[in-house]
Each structure stands twice: as structure tokens, then as C-alpha cells.
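To start, the structure under review is shown below, and the notes come after it.
The values are calculated or read from the model by the stated rules, or taken from the named source; none is laboratory data. Since we're looking at a predicted model, the values are computed, not measured. All Cβ positions, glycine included, derive from the backbone under ideal geometry; neighbour counts span all protein chains shown.
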Amino acid sequence: MPDSLPEIDRSLLGREFERSVSQPITAAQIIRYARACGETDPRYVEEGPDLIATRTFPITLRREKYVPEGIPRDLMYRGMDAGKDVELGAAVRVGDVLTAVGTLHDVYDKTGRTGKLRFLVLRMVVVNQRDEMVAIVDQKMMFR
């Protein structure tokens with residue numbers, strides 16, 4: 001790798017660096033997000049016992065940290081979003097309390113048209129109060 005890209009401490013892989021717990025999810029939150037996405041299906045926009053959140057709702061969870069301690073801060077300012085992979089699980093319902101756990105899932109290098117690239121994959125696993133997996137979100141960051 002070029003000297004401008006610091007090495008990443010691979011002992012950080014898999015270690016939890018963030019845990020956040022939501023307040024109980026409200027009907028208003030579910031409906032507001034669904035409408036912002038242009039959703040019209042009554043399952044997502046009408047209050048009632050069958051109301052569920054759209055499948056991408058878990059990506060709205062607020063996070064305190066985005067990367068683990070030990071990742072050079074200057075590196076993060078030079079990063080570019082390289083996409084998200086989202087695996088969906090149980091539907092989110094009114095009253096659910098969601099726990100999101102962040103880990104550094106992977107670090108790898110590739111050679112592109114412009115030279116060497118480094119990728120970080122930051123994983124957020126979201127479960128509900130019944131310990132059902134709601135979503136696994138892999139956020140990829142690319143650095144040159």
C-alpha cells in the first residue's frame with residue numbers, strides 16, 4: 001500500500017466497538033419513514049395492529065460511533081462510501097426495542113484503475129427485544 005494509507009490493526013476485526021439500544025419504536029416513526037420513502041402500502045402507512053416498518057427501517061438507527069478506536073481518524077476523512085449490503089430478518093413492529101452492535105467486519109485491499117485501494121467493512125447487527133435478527137448492515141468504505 002502507498003505510505004499515505006496507514007495499516008489497519010487487524011486485531012480489531014470482530015470486536016464490538018459500539019452498542020446502542022433504541023427507545024420503543026412508535027407508529028409515528030414507522031409511518032414517517034415509510035412516507036419519506038414514497039410507500040403507500042397500508043401495512044406501512046396506516047396505524048393499526050398490522051402496522052410494520054418497511055424493510056429498510058433499521059438503517060435509520062442513530063449511531064454514536066462509526067468506526068472503532070484504533071482506526072486512524074485522518075483515514076476516515078479520506079474515505080468514500082463504497083455501498084451497503086443489507087440482510088433483512090424479522091419485521092420491525094410498534095413497541096420493538098432494537099439493539100445495534102457495530103464491529104469492524106473486514107479489511108481488504110484491491111487494485112483499481114487508479115492504483116491500490118483499501119476497503120473497510122463496518123458491520124451493524126440489529127436485533128429486537130426477542131433476540132430476533134432484524135438486519136445485518138455492512139457499510140463499505142473505500143480509501144486511496
May I ask you to verify whether MET142 is modelled with pLDDT of 90 or more and surrounded by 15 or more Cβ atoms within 10 Å (Cβ to Cβ)? no
Can you tell me which condition ARG118 does not meet? The list is (1) more than 19 Å from ASP9 (Cβ to Cβ); (2) modelled with pLDDT under 90; (3) crowded, with 16+ Cβ neighbours inside 10 Å, and all the others hold. (1)
MET76 being modelled with pLDDT under 90, closer than 21 Å to PHE17 by Cβ and touching a Phe, Trp or Tyr at 6+ places or on another chain (Cβ under 7 Å): no
Quick one: which residue in ASP131, ASP41, ASP109 is among the acidic types (Asp, Glu), within 21 Å of LEU12 (Cβ to Cβ) and surrounded by fewer than 13 Cβ atoms within 10 Å (Cβ to Cβ)? ASP109
Give the residues of region 1-31 that are modelled with pLDDT under 95 and in a helix (DSSP H, G or I), sorted by residue number. ARG10, SER11, LEU12
Scanning region 92-104 for residues that are hydrophobic (A, V, I, L, M, F, W, C) and touching a helix residue (DSSP H, G or I) at 6+ places or on another chain (Cβ under 9 Å), which turns out nearest to THR56 (Cα to Cα)? VAL92
